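Here is the structure we will look at, set down as structure tokens.
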Amino acid sequence: MKLPFLYVAGRTDGTISVDGANVYPDQVEAGILSQKELEKKTNAFLLYKATQKKQNLKLTVAIQLKQKINHGKALQKKFHDAILKTLLELNPDFRESYKYNKQLCDPQVVLHKYNAALFAENGEQVKEKYIRE
């Protein structure tokens, strides 16, 4: 082996692909952090693709709320609107895909109470995982 050589290592949980556009966890996080109210109520989040009717895969953002935070439709809409706005601002590929396929690209936001089973795996790890396969 000749030196120097280049070794490229990356994250295996770095993106979710939606209609050809890569969505990064830091972009979703930026959406949540864009509003203090949402930031204060968020404990963790996960991205995954959920199977919808007609077998379409839809971007889903699962948000674990902090202790003693009640979830409802109004809070869910605030999260959705903040995340969508930020994705459209920061991600040109997502913006283009959204323009032609709003139904598929429109993120589905699901709120979970603190200590929800979906987030149990993150509690056992030093580094938080943002993508669920």
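Where a number appears in this text, it was derived from the coordinates with a stated rule and is not lab data. None of these values were measured; they are calculated from a predicted model. Don't worry about glycine lacking a Cβ; one is built from the backbone with ideal geometry, like all the others, and counts go over all protein chains shown.
Among the residues of region 19-62, those identified as without any contact (Cβ under 8 Å) to a residue 24 or more places away in the chain and on the phi > 0 side of the Ramachandran plot are Lys54, Gln55. Taking region 28-68 as the range and being in a helix (DSSP H, G or I) and over 12 Å from the mean Cα position of the chain (by Cα) as the test, the residues that pass are Leu33, Lys36, Glu37, Leu38, Glu39, Lys40, Lys41, Lys53, Lys54, Gln55. Filtered by the rule that a residue be over 17 Å from Lys58 (Cα atoms), of a type outside the set (A, V, I, L, M, F, W, C), surrounded by 15 or more Cβ atoms within 10 Å (Cβ to Cβ) and over 15 Å from the mean Cα position of the chain (by Cα), region 69-101 gives a lone residue, His71. For region 27-59, filtered to residues that are in contact with a Lys or Arg (Cβ under 9 Å, 6 or more places away or on another chain), among the polar types (S, T, N, Q) and surrounded by fewer than 18 Cβ atoms within 10 Å (Cβ to Cβ), the residue that is nearest to Leu90 (Cα to Cα) is Ser34.
Across region 72-105, the qualifying residues are those that are touching a residue at least 40 places away in the same chain (Cβ under 8 Å) and part of a loop (DSSP other than H, G, I, E, B), and the one among them that is farthest from Ser34 (Cα to Cα) is Asn101.
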